[in-house]
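For reference, the structure is listed below as structure tokens.
Derivation of every value follows stated rules applied to the coordinates shown; laboratory data play no part. As the structure is a computational prediction, the values presented were derived from the model and not from experiment. Here Cβ is always computed from backbone atoms with ideal geometry, including for glycine, and neighbour counts include all displayed protein chains.
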Amino acid sequence: MAKREFSSARSSAPVEAGEDGQFVWTRKDLLGLDELSERQIVHILDTAESFKEVSTRSIKKVPALRGKVVGLLFFEDSTRTRMSFELAASRMSADTILFTSKGSSVAKGETTLDTVRNIEAMGVDIFVIRHGQSGAPHVIARKVKSSIVNAGDGSHEHPTQGLLDIFTIRQRLGRVKGLKAAIVGDIAHSRVARSNIIGLQKLGAEVVVVGPPTLVPPAIKEMGCSISHDLDEILPQVDVVNMLRIQFERFTGAGAAFPSMREYANMYGLNAARLKRCKKNILVMHPGPINRGLEITTEVADGPNSCILQQVTNGLAVRMAVLYLVSQAAEK
Amino acid sequence: MLTAKQVEQALDRLYKAATDQVPRDAAVAVVGIRTRGETLAARMVGRLRADLPGRTVNHGILDITFYRDDLSRRRGAPLVRATEIDFDLDDAWVILVDDVLQTGRSIRAALDALHDFGRPRVVRLAVLIDRGGRQLPIAADYIGKQLDVPDNQTVRVKLKENDGQEGVFICSK
């Protein structure tokens, strides 16, 4: 195995072509979309395409990860991501063990790294990690031999969510390149926004982030996207609108980010009246869980332009693909 | 080893042997193993549909990647493609098609994969080339051409649809 200095350096092997000059996946971790090339992102999406078929069989299981153990480490709460990874692992015949920080050794004062090393010592092949601290999976990846998949770290990245969003866009609109996407809402606290901005731009889409100045840090421009505070101006121009959840649990410190929920809904909520002014085929996305009536109305969330449940379905295929790919790259 | 003409003759033999035994009352399914087996199966299906008008001839494609026993011995992951079996395999007469039979491990994987889709009445194995070197108790029912190739050499089947040319070649590893 390569010498471990930086997580990104160790997981990228130099050779990416196998027999017949075919592209071959060689990264043993998935920490973020930032470290992936366009080719690698497309490879995950194409692999996920094949995994979709498994979920349509009468026996929804393949032996690809038989004998492997997937450790789900959720230092922060999650429902759908955790269940999605859990189901993805079991569809590939892996065993899963679950760790949540509530009522665990973390409450007894154990450090994150000690927790992970102890669980690794039980013989875990892949860790799926969600952590409240940005960069936690990267630190862990440098210290353990197992594969690491980032399932959301602080306000940094949520790569599988970004991938499943892009997968869904590609499925519904047939392409990603040349599209214009708006990401609306709580950009400041959103790892989903970051992974989407990075991934969409790498695949040739244009991204504009929209929200109140208190929730859109000006420095986000450095990621290459544009900023707007006027949803009504942007909506008619875009092919995709991703409505982020307002993450009340992350609002810390003095003062609120906006005067009232009603004002936020008026300014930045997606409702039927606004949808009418959009392109006819606009794709409405939401990473869930939804605050119905706040960032999106029920009518729009459950309407024909919405692909919210499709995102969840696709998430399973994308996570199967990611677990499969990192496990293959981890082998010698 | 084999010219385009000889490949055609071998395929013709293979087709005749494989289809001769299909009983009249059975639902036929020709299932190819990706990638070259898929092409051979597609050709066989085309000919079979022309020869048996009015009968249902199903065409399936297997990607056996997930079922391989050497998964954990390879480094890196090439693109996995979808398995396409969108018909009922139960009680079907299945002709499983691959280009080269050597160790028998691909066929073992393909049989496992097939059985996740249903319970065929019969599975027959048709291969263009049997090169010897079996590691599992698996034998082909129909063989286009038998070759005796030492283990340190590779048999490559090239087909128009995949490679732009037709023929069987032997290369040193």
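Looking only at segment B:4-172, where both bridge partners belong to it, what percent of the DSSP beta bridges are antiparallel (to the nearest 5)? Given both bridge residues lie in segment B:4-172, the antiparallel proportion sits at roughly 25 percent. Hydrophobic long helices, here whole DSSP H runs in chain A with Kyte-Doolittle means of at least -1.0 and Cα atoms spread over 15 Å or more along the helix axis, are found at A:38-54, A:80-91, A:159-173, A:191-202, A:308-330.
Taken about its Cα centre, segment B:76-157 carries a charge dipole of about 320 debye when Lys and Arg each add +1 at the Cβ and Asp and Glu each add -1 at the Cβ. In sequence order, segment B:117-123 has phi-based couplings of 9, x, 10, x, 5, 9, 10 Hz under the Karplus curve 6.51 cos²θ - 1.76 cosθ + 1.60, θ = phi - 60°, and Gly or Pro positions carry x. Under a cut-off of 20 Å between alpha-carbon atoms, report the lysines in cross-link reach of residue B:16, not counting same-chain residues fewer than 8 places apart. Result set, ordered by chain and number: B:5, B:145.
Selection among A:201, A:79, A:141 by position relative to the dipole of segment A:66-206 gives A:201 as farthest towards the positive end (Cβ unit charges, Cα centre). Listed by chain and number, the aspartates and glutamates placed with their C-alpha closer than 18 angstrom to that of residue A:280 are A:232, A:233, A:239, A:299, A:302; residues fewer than eight positions away on the same chain are left out. Among B:58, B:162, B:152, the largest mean-square fluctuation in a Gaussian network model of chain B (Cα springs under 10 Å) belongs to B:152. Let me know the whole percent of all Cα-Cα pairs from the protein assembly as shown that are separated by more than 37 Å. The answer is 39 percent, as a whole percent.
The mean count of C-beta atoms from other chains within 10 Å of the C-beta of residues in B:117-124, rounded to a whole number, is 1. Checked against a 28 Å cut-off, the cross-linked pairs A:177/A:276; A:28/A:60; A:52/A:180; A:177/A:221; A:102/A:145; A:143/A:180 give Cα-Cα distances beyond that limit for A:143/A:180. Taking every residue in B:77-89 and counting other chain Cβ atoms within 10 Å of its Cβ, the average works out to 6.
The helix-only estimate of mean residue ellipticity at 222 nm for chain A, built from DSSP H runs of length n ≥ 4 each weighted as -39500 (n - 2.57), is -11000 deg cm²/dmol after division by the residue total. With Cα atoms defining each centre, segment A:59-91 and segment B:40-70 are spaced 33 Å apart in the structure.
Inter-chain Cβ neighbour count for A:56-63, averaged per residue, equals 5 (cutoff 10 Å, partner chain atoms only). In a simple Cβ point-charge model (Lys, Arg +1; Asp, Glu -1; nothing else charged), chain A has a dipole of about 520 debye relative to its Cα centre. Measuring max minus min along each principal axis, the C-alpha atoms of segment A:46-162 give extents of 46, 30, 26 Å (largest first). Result for chain A in a Gaussian network model with C-alpha springs under 10 Å: among A:50, A:84, A:146, the largest mean-square fluctuation is at A:50. Close amide H pairs (under 5 Å, H built 1.01 Å from N) link residue B:95 with B:29, B:30, B:31, B:124, residues at least 5 positions away or on another chain. Amide H to amide H, with H built 1.01 Å from N, residue A:180 comes under 5 Å of A:206, A:239, A:240, counting only residues 5 or more places away or on other chains.
Think of each Lys and Arg Cβ as +1 and each Asp and Glu Cβ as -1; about the Cα centre, that makes the dipole of segment B:4-172 roughly 380 debye.
Beyond 12 Å, what share of the Cα-Cα pairs of segment A:277-322 remains, rounded to the nearest whole percent? So the pairs more than 12 Å apart make up 65 percent of the total in segment A:277-322. Radius of gyration over Kirkwood radius for segment B:95-135, both on Cα atoms: the Rg/Rh ratio is 0.99.
For every other residue with a beta carbon closer than 10 angstrom to the beta carbon of residue A:320, add +1 if it is Lys or Arg and -1 if Asp or Glu, then tell me the sum. Surrounding charge for residue A:320 is +3. Structural size metrics of chain B, computed from C-alpha coordinates, are Rg and Dmax of 15.6, 47 Å. Only helical runs count toward this figure. For chain B, summing -39,500 (n - 2.57) over DSSP H runs of n ≥ 4 and dividing by all residues gives -8500 deg cm²/dmol at 222 nm. Considering segment A:148-205, its Cα convex hull presents a mean projected area of 4.0 nm².
Spatially, segment B:132-148 and segment A:264-332 are offset by 51 Å when compared through their Cα centroids.
Annotation for segment A:226-314: trypsin sites (Lys or Arg not before Pro) lying in DSSP loop with at most 12 further Cβ atoms inside 10 Å of their Cβ are A:277, A:280.
Looking at the protein assembly as shown alone, DSSP beta bridges between its own residues are antiparallel in about 15 percent of cases.
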